[in-house]
Each structure stands twice: as C-alpha cells, then as structure tokens.
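Here, each number is a calculation from the coordinates, and none is a lab measurement. Bear in mind that the values here come from a model prediction, so they are computed numbers and not experimental data. Note that each Cβ is placed from the backbone with ideal geometry, even for glycine, and that neighbours are counted across all protein chains shown.
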Amino acid sequence: MNGKITIMAATSRDAGLVLHFIRWLAEYERLEHLVSATEEGLRESLFGERPGAEVLIACTEDEPVGVAVFFPNFSTFLGRRGMWLEDIFVESVARGRGVGKLLLLAVARIAHERGCGRFEWAALDWNAPAWDFYRALGAAPLEDWTMFRLTGSALERLARM
C-alpha cells in the first residue's frame, strides 16, 4: 500500500462501497447499532434526483481506503454558504500515509472553489487522534457550542406540533 493516493468523486455504482465505509466508521466510533442506511437508500439519497450530500473516495493502488461525505450549509452571520464534513474515514491499514489529509484537503478545496465562508465538522470527544490531526491542519474546536439532535419519535412529535 505504498502507491499513489487518488481521490475521486463517488458515483451511484459506489453506493455499496460507501455503505461499507459507513459501517467501518460506525464500528470505529462504537456506534454500529445506529446504522440503518441501505445501499438502495444511499443510492437515492446521494445520487438521486436531489442529492443530499457528495462523497469522495480515496484509493491507493486502485483499492478504496477512505471516504469523505460532505454537503453545503449556510451561515446567516456570514451571509454565505459553508461546507459541512459529515464523515471522514480511512481504514486502519492506510492511516498515517496522508490519505485522510488528502481527503480533507479535497473537500476544503471544493469549499473554497464554491465560495464557502466556513468548513466545519464534528469530532467525538474521546477521539484524540482525530483532534490532533485536525489541530495540526489549523482547525480549532468550537468551545462554546453544543450540538443538539432530534431523531425518530422525538422528531415526529415535534413535526406534528
């Protein structure tokens, strides 16, 4: 796995591969019990009529070893689009070889080219290697913010109010 690293945009043919990486990420984050995504659902959500996100795949020697999932958001304070990195994952055998950095740089370049004023993501509190990696690239954690989430029945209840 010493070969050249290539980054390419995923296509609908890659839905199964994207799901594979999602499951690996969930296992790494100890959250596999939360994965309900399916290949068919990803194909529709990522590559259908109204794609909800974009995906980049990193390969070494033509073998997929990493993935980044991202989508635009909007900053009212800046009055500009931003980019949200939903997930970035590199399989363990390819870590430390620059794959994650190249994926992150690719998304940052896309954000910059599209005129985004921000590029943001979240990292689990316990994931020290990720925090170190992000800080080394110049990213800073947002100390004053806490994420909130509604899912399942809580989302349904709110939507029906």
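For the chain, modelled as a Gaussian network with Cα springs under 10 Å, which listed residue fluctuates most, 42, 105, 78?
Looking only at 42, 105, 78, the largest GNM fluctuation is found for 78.
Once you sort the root eigenvalues of the Cα gyration tensor of the chain as a ≥ b ≥ c, which label holds: rounded (a/c under 1.5), prolate (a/b larger than b/c) or oblate (the other case)? Don't skip to the end; give the middle numbers.
Values: a/c = 1.40, a/b = 1.18, b/c = 1.18.
Rounded, since a/c falls under 1.5.
For n ≥ 4 DSSP H runs only, could you compute -39500 (n - 2.57) per run for the chain, divide by its residues and tell me the 222 nm figure to the nearest 500? Please list the in-between numbers first.
Values: 5 runs with 55 residues, N = 161.
Computed mean residue ellipticity for the chain: -10500 deg cm²/dmol.
Loop by DSSP (not H, G, I, E, B), at most 16 other beta-carbon atoms within 10 Å: where is the longest site-free stretch of the chain for trypsin sites (Lys or Arg not before Pro)? It would help to have the intermediate numbers written out before the result.
On the way: sites that count: 4, 30, 95, 114, 149, 160.
Of all site-free stretches, the longest is 31-94.
Can you tell me which of 69, 35, 55 moves the most in a GNM of the chain? Springs connect C-alpha atoms under 10 Å apart.
35
Within the chain, what is the longest stretch that has no GluC sites (Glu not before Pro) placed in a DSSP loop and near at most 13 other beta-carbon atoms within 10 Å?
62-142
Cβ under 15 Å from residue 80's Cβ, residue 80 left aside: what net charge do those residues give with Lys, Arg +1 and Asp, Glu -1? It would help to have the intermediate numbers written out before the result.
Numbers: positive: 81, 114, 118; negative: 113, 120.
That works out to +1.
7 Å from Cα along Cα→Cβ at both residue 45 and residue 137: what's the point-to-point distance in nm?
Calculated label separation equals 2.2 nm.
Could you give the length gained by full extension between residue 62 and residue 33, i.e. 0.36 nm per residue of separation minus their alpha carbon distance, to one decimal place?
Working: separation 29, 0.36 × 29 = 10.44 nm, distance 3.05 nm.
Roughly 7.4 nm would be gained on extension.
Can you tell me which of 133, 21, 89 moves the most in a GNM of the chain? Springs connect C-alpha atoms under 10 Å apart.
Among 133, 21, 89, the largest mean-square fluctuation in the Gaussian network model of the chain belongs to 133.
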